[in-house]
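Presented below is the structure to which this report refers.
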Amino acid sequence: MNARPVGIHDISFATTHYVLDHVVLAQQHGVDADKFHFGLGQDAMSIAAADEDIVTMAAAAAAPIIERHGVEHLRTVLLATESGIDQAKSAGLYLHSLLGLPTAARVVELKQACYGATAALQFAMALITVDPSQRVLVIATDIAKYELGTAAEPTQGAAAVAMLVTADPAILRLEPVSGVYAKDIMDFWRPNYRTAAVVDGKSSVLAYLEAIEGAWQDYRDRGGRKLTEFTQFCYHQPFTKMAYKAHRHLLDSQGFTPDPQTVEAAVSDSTGYNRTIGNSYTASLYLGLAAALDGHADLSGRPIALVSYGSGCVAEFFGGTVVDGYRDQLRTAANGNAITRRKPIDYDRYRALHEAELPSDGRRHVLPEETSGPFRLAAISEHKRIYETRTEHIELTEIN
Ligand code: HMG
């Protein structure tokens, strides 16, 4: 008996209320903006407002999925993040109540740097393979933050991607073969007492390349497809130039000559959203997937590769086949709106937001109402986050 295919049935993303243009940041750093535009492949970065966090973004990403598909058979919520808001309680539980999900559910938060959402996707596949009637909501949500004035600062960003994983998916059939790689290294980390990550930038780039090559080797050893079978490659994108570096490295390591046109054709569609959003850690690879699906190329019936990396480090290489008719399920217009409706801010406003810290004294603090999205962080009181829902703003039924 053939097992039913399992994969991504719906995908939706949300980003922040504000955006900082990299021309502004380049002036502040005293460097040519081309360094950011071409050297890193970044035009801008999403910046969270005072009343936004990983929960408000996650809920905004997932709400349209719940509206379209309901909650029937949804028994599991897997939320991946590395910018968690609590050491004990899963951020997924705040989302669970904001979205009115059923009490008959398991909700958990996963962490392994930018790789966490890939683990969530694999766990979701395993659950559905055992019981194909079940549906799993996977959410990747992060705010990437580095110290001001550092080389890593232009690679900040923020976004959440929500995916409904089911049997007989309408968008992407995930393939069971996958290659993995893990190694205990210190290329990027964030001790509990810090809000900004610590990073050894140059060594992290080399660690990423070594890890994805290791994951690719394991994938091939387990009977995975040949490199030439994939139409497009979606890589984790800490900055979009990294996807190009990664693809060149992979081709080179397998004895191919990585000519610019081949690399461009394999990677460029997937960089469209990340270029202007910045690094969104766990969400970055899946923003790449959303951009590839929303791109010009018709991917119906085509195999695409997903290449995940999380510092520390873990990598995974896996593939999926795009389902015929997938475009009817996409949210291309809503995705474009999420990007264009962001409000540009100047450097001083960005800096104030970057330096702001949530009060930790346990008293009631009301947060300024800056956003206009469906969910906001309204206050902190007795060490609890108080969220507010503006249901009239949810773009619920958009299908384009
Ligand atoms: P940097 O100091 O900007 O590096 O740091 P650079 O001076 O070598 O410049 C970068 C590129 O810009 C170079 O190109 C320059 O030639 C070019 P490359 O040699 O790389 O091809 N350049 C210019 N191009 C055009 N016009 C110009 C110009 N000037 C220079 N005028 C670095 C870069 C990525 C190290 C830094 O931004 C950083 O530390 N970022 C954070 C760490 C990171 O993103 N690492 C990536 C791999 S690790 C990862 O992906 C995991 C992560 O997402 C975390 C997680 O897993 O949770 C980070």
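As a test, work out the antiparallel percent of DSSP beta bridges whose residues both lie in the stretch 229-346, rounded to the nearest 5.
Numbers: 8 of 12 bridges.
Just about 65 percent of them are antiparallel.
Just want the answer: with Cβ charges of +1 for Lys and Arg and -1 for Asp and Glu, which residue in Ala152, Tyr235, His73 is farthest toward the dipole's positive end in the stretch 6-349?
His73
Identify, among Met45, Ile345, Ala305, the residue whose Cα sits farthest towards the positive end of the charge dipole of the stretch 6-349, taking +1 on the Cβ of Lys and Arg and -1 on the Cβ of Asp and Glu, with the dipole about the Cα centre.
Ala305
Only bridges with both residues in the chain count here: give the DSSP antiparallel percent, nearest 5. Could the numbers behind the result be given before it?
Working: 52 of 70 bridges.
Close to 75 percent.
Of the options Ala124, Met186, Leu98, report the single residue whose Cα projects farthest towards the positive end of the charge dipole of the stretch 77-197 (beta-carbon charges: Lys, Arg +1; Asp, Glu -1).
Towards the positive end, the residue furthest out is Leu98.
What does the extension gain come out to for Val24 and Phe38, with contour length at 0.36 nm per residue minus their alpha carbon separation?
Details: separation 14, 0.36 × 14 = 5.04 nm, distance 1.56 nm.
Here the answer is 3.5 nm.
Counting only Cα atoms, I'd like the Rg/Rh figure for the stretch 1-69, Kirkwood definition for Rh.
Numbers: Rg = 18.5 Å, Rh = 15.2 Å.
That ratio is 1.22, to two decimals.
Using the Cα centre as the reference, give the magnitude of the dipole from point charges on the C-beta atoms of the chain (Lys, Arg: +1; Asp, Glu: -1; all else neutral), rounded to the nearest 20 debye.
Numbers: 36 positive and 48 negative charges, 108 e Å.
The calculation lands at about 520 debye.
Ranked by Cβ crowding within 10 angstrom, fewest neighbours first, how are Tyr181, Tyr94 ordered?
On the way: Tyr181 20, Tyr94 24.
Ordered from fewest to most neighbouring Cβ atoms within 10 Å, Tyr181, Tyr94 come out as Tyr181, Tyr94.
Pick out which of Tyr347, Tyr281, Tyr219 has the largest mean-square fluctuation in a Gaussian network model of the chain, springs linking Cα atoms closer than 10 Å.
Of Tyr347, Tyr281, Tyr219, the most mobile in the Gaussian network model is Tyr347.
Roughly how big is the stretch 35-119's charge dipole about its Cα centre, with Cβ charges of +1 (Lys, Arg) and -1 (Asp, Glu), in debye to the nearest 20?
Details: 6 positive and 9 negative charges, 58 e Å.
It works out to roughly 280 debye.
Cross-link candidates for Lys245: which lysines have Cα within less than 26 Å, leaving aside residues fewer than 8 places away along the same chain?
Lys35, Lys111, Lys145, Lys183, Lys202, Lys226
With each label point set 7 Å from Cα along the Cα-Cβ vector, what nm distance links Tyr347 and Glu388?
My value for the distance between the label points is 3.3 nm.
Under 13 Å from the Cβ of Cys114, count the other residues' Cβ atoms, weight Lys and Arg +1, Asp and Glu -1, and hand me the total.
Working: positive: Lys111, Arg190; negative: Glu82, Asp142, Asp187, Glu316.
In short, -2.
For the chain, what does -39500 (n - 2.57) per DSSP helix run (n ≥ 4), summed and divided by total residues, give at 222 nm, in deg cm²/dmol to the nearest 500?
Details: 11 runs with 123 residues, N = 400.
The helix-only estimate for the chain comes to -9500 deg cm²/dmol at 222 nm.
Computed FRET efficiency, Cβ-Cβ of Met186 and Ala151, R0 25 Å: what is it to the nearest 0.05?
Approximately 0.90, to the nearest 0.05.
Can you put Arg173, Arg341, Arg275 in order of Cβ neighbours within 10 angstrom, beginning with the fewest?
Numbers: Arg173 18, Arg341 12, Arg275 22.
Least crowded to most crowded, the residues run Arg341, Arg173, Arg275.
Give a residue-ordered list of calculated ³J(HN,Hα) values for the stretch 87-94 (Karplus: 6.51 cos²θ - 1.76 cosθ + 1.60, θ = phi - 60°; whole Hz; x for Gly, Pro).
Once θ is set to phi - 60°, the couplings for the stretch 87-94 become 7, 10, 7, 5, 4, x, 6, 5 Hz.
Which value, in debye to the nearest 20, gives the size of the charge dipole of the stretch 326-370 about its Cα centre, when Lys and Arg are +1 and Asp and Glu are -1 at the Cβ?
On the way: 9 positive and 8 negative charges, 56 e Å.
Dipole about the Cα centre, nearest 20: 280 debye.
For Ser97 and His69, calculate 0.36 nm times their separation in residues minus their Cα-Cα distance, and state this gained length in nm to one decimal.
Details: separation 28, 0.36 × 28 = 10.08 nm, distance 1.72 nm.
Stretched fully, the Ser97-His69 segment lengthens by 8.4 nm.
With springs connecting C-alpha atoms under 10 Å apart, model the chain as a Gaussian network and identify which of Thr81, Thr276, Thr231 has the largest mean-square fluctuation.
Per the Cα network of the chain with a 10 Å cutoff, Thr231 tops the list.
Based only on Cα atoms, what mean projected area does the convex hull of the chain have, in nm²?
On the way: hull surface 74.6 nm².
If you wrap the Cα atoms of the chain in a convex hull and average its projections, you get 18.7 nm².
Here, each number is a calculation from the coordinates, and none is a lab measurement. Here the structure is a predicted model, which means the values were calculated and not measured. In this analysis, Cβ positions are derived from the backbone assuming ideal geometry, glycine residues included, and neighbour counts consider all displayed protein chains.
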